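Everything on this sheet refers to the single structure shown next.
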Amino acid sequence: MSTPRIALTIGDVAGIGPEVVVRACIDKRVRDCCRPVVVGHPAVLGRAMQIVGADISVTNVEQLDQPAVDSTLGCFNPTDELAAEVAPGAIDARAGQAAYDYLIAAAQAALDQRVEAVVTAPLNKAALHRAGLNYPGHTEILAERCGVNEFAMMLYLPPSETLDSPHGLGVAHATLHTSIQSVPALLNREMIQEKIHLIDGFLQDIGCAAPRLGVCALNPHAGEEGLFGDEERELIAPAVRESAKSGMNVQGPLPADTLLKRAVAGEFDGVVAMYHDQGHIALKLIGFDRAVNITLGLPIVRTSPSHGTAFDIAWQGKADAEGMIGAIQIAARLARSRT
């Protein structure tokens, strides 16, 4: 395929999203791998360019597949003008609504094949809720919009000197944004087996022909034969056995503290964690600026950096765009592999 066209949403306008999007768009690595077009407010994007010192102008486009003028950055605004009034670092319903509208527009463009992938800057969940949009985050909004029931949030670390694996390391999560208290009741065999299949498919898509997968236990010491809980025997182990029967190379349940260490050392290509922090903490510890969030199970390609809105440094010219650049590079790679 030709260089993929990728829609970049600026996320919550009060956070660092606009800045990291601009920094990424002027980076040669991004220009070499894709044709970026921004979904957001052009005035907000222009202010971010001033902070960054970008020598590029904004062109308003009517559709996401409309070519921008040479040496400019195309920007599509699918919503009203209110986002331009939001103060830096503020939890604001106007920012929450705008971030949602940007995401929906980008996702629809991908579904309509106007773009080959979507990369999202972070939104703020409190701002989203203030706008009356009761979603836990990007993943659930996209799953609903795309009409899928089987999906997963995965953090992916590309190969690096700190990761002893030629294919990188992916960690998918059985449960998403929910309380620790609710996790045991949400888990079931089918859910765990579904995540195993999704991460196996992703790893094959990026060139790992025979992925080696590990599945985390929920409880310390993998439940210690039922002393610390029955979820391992009743839910996780049966899901692993069924997945292995279908030909996948999968082990578990394994104690999470040692499994993640073994995966980083190159023993596994993918891991299924039972809840958000079980997987996030380990990967962010070794690669916070490089970790990429990928939504598995969608009919479209969607990635994002793993960081949040960072209101404490927003609009101060301090944001690091390496996570956004990595997310764009992975999105371009996945878009080419799907084609």
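Key figures
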item	result
Residue in the stretch 289-298 that is crowded, with 19+ Cβ neighbours inside 10 Å, in contact (Cβ under 8 Å) with a residue 40 or more places away in the chain and of a type in the set (Lys, Arg) present	yes
Of residues in the stretch 245-292 being in contact with a Leu (Cβ under 9 Å, 6 or more places away or on another chain) and among the aromatic types (Phe, Trp, Tyr), the one farthest from Gly214 (Cα to Cα)	Tyr275
Elements of type strands (runs of 3 or more DSSP E) in the stretch 158-266, at least 3 residues being over 20 Å from the mean Cα position of the chain (by Cα)	212-216, 249-254
Selection count, the stretch 270-316, where residues are in contact with a helix residue (DSSP H, G or I) (Cβ under 7 Å, 6 or more places away or on another chain) and part of a helix (DSSP H, G or I)	3
Residues within the stretch 59-84 that are of a type in the set (D, E, K, R) and surrounded by 13 or more Cβ atoms within 10 Å (Cβ to Cβ), tallied	1
Glu224, sole failed condition from (1) at pLDDT 95 or above; (2) surrounded by fewer than 15 Cβ atoms within 10 Å (Cβ to Cβ)	(1)
Ile6 modelled with pLDDT of 95 or more and part of a strand (DSSP E or B)	yes
Lone unmet requirement of (1) under 21 Å from Pro211 (Cα atoms); (2) at pLDDT 90 or above for Ala314	(1)
Which listed residue is of a type in the set (Gly, Ala, Ser) and either surrounded by 13 or more Cβ atoms within 10 Å (Cβ to Cβ) or within 25 Å of Asp27 (Cα to Cα) (or both), from Ala87, Ala93	Ala93
Which listed residue is assigned by TED's automatic domain parsing to the domain that holds Ser165 and either farther than 23 Å from Pro255 by Cα or more than 15 Å from the chain's Cα centre (by Cα) (or both), from Ala282, Ala314, Ala291, Ala310	Ala282
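The values are calculated or read from the model by the stated rules, or taken from the named source; none is laboratory data. From a predicted model like this one, the values you see are computed outputs, not experimental measurements. Glycine gets a Cβ as well: all are built from the backbone with ideal geometry, and neighbour counts include every protein chain shown.
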